[in-house]
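The block underneath contains the structure these notes are about, expressed in structure tokens.
The values are calculated or read from the model by the stated rules, or taken from the named source; none is laboratory data. Everything quoted here is computed from the prediction, not taken from an experiment. Cβ placement follows ideal geometry from the backbone for every residue including glycine, while neighbour counts extend to all protein chains displayed.
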Amino acid sequence: MYKLSTKFCWFDDSKMIVKMFFINGIPFTFDELPFGHIWDEELCQVADENPCYDPEYMYKAYGYLMLEELHPLYFPVELENPELLPDDLEYLYEQEEFT
């Protein structure tokens with residue numbers, strides 16, 4: 001069974017902060033935050049504590065997860081905590097056969 005986690009991270013040469021979603025520590029997608037998030041000092045401090053990701057890294061992580069058939073947006077992966085999926089994707093795991 002695989003575990004999901006989330007972190008607020010800088011993205012694209014520290015141009016913005018995103019809510020990054022991970023499966024067993026590997027990023028697989030992110031949510032952009034609302035306009036103005038960059039001026040939230042506490043949020044910036046939290047993001048400073050985490051790695052900065054770029055599109056190339058995300059592409060490589062995507063490729064790895066696809067090859068291993070572990071990308072939770074494309075494959076039925078057994079998840080320990082599917083409630084951490086992005087809101088618009090939870091429906092994928094509401095079916096009993098995947099939980």
Practice task
Scan segment 23-45 for residues that are surrounded by 19 or more Cβ atoms within 10 Å (Cβ to Cβ) and out of contact with any Pro (no Cβ under 7 Å at 6 or more places or on another chain) and report the count.
Solution key: 2
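Conditions (1) among the acidic types (Asp, Glu); (2) at pLDDT 95 or above, marked per residue:
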{"residue": "GLU42", "(1), (2)": "yes, yes"}
{"residue": "LEU73", "(1), (2)": "no, no"}
{"residue": "ASP88", "(1), (2)": "yes, no"}
{"residue": "GLU97", "(1), (2)": "yes, no"}
Practice task
Inspect segment 52-75 for any residue being surrounded by fewer than 13 Cβ atoms within 10 Å (Cβ to Cβ), in contact with a strand residue (DSSP E or B) (Cβ under 6 Å, 6 or more places away or on another chain) and of a type outside the set (Gly, Ala, Ser) and give the result as yes or no.
Solution key: no
Practice task
Return yes when ILE17 is under 13 Å from the mean Cα position of the chain (by Cα) and closer than 23 Å to GLU80 by Cα and no when it is not.
Solution key: no
Problem - Pairs where the first residue, in segment 3-16, is without any contact (Cβ under 8 Å) to a residue 60 or more places away in the chain and at positive phi and the second is assigned to a loop (DSSP other than H, G, I, E, B) and not basic (Lys, Arg), C-beta under 9 Å, 6+ apart - result: ASP12/CYS52; ASP12/ASP54; ASP13/CYS52; ASP13/ASP54; SER14/CYS52
Exercise for the section: Exactly one condition in (1) in contact (Cβ under 8 Å) with a residue 12 or more places away in the chain; (2) more than 13 Å from PRO86 (Cα to Cα); (3) out of contact with any Lys or Arg (no Cβ under 9 Å at 6 or more places or on another chain) is not met by PHE28; state its number. Expected result: (2)
Handout entry: One residue from ASP54, ASP40 being of a type in the set (D, E, K, R) and in contact (Cβ under 8 Å) with a residue 24 or more places away in the chain
Key = ASP54
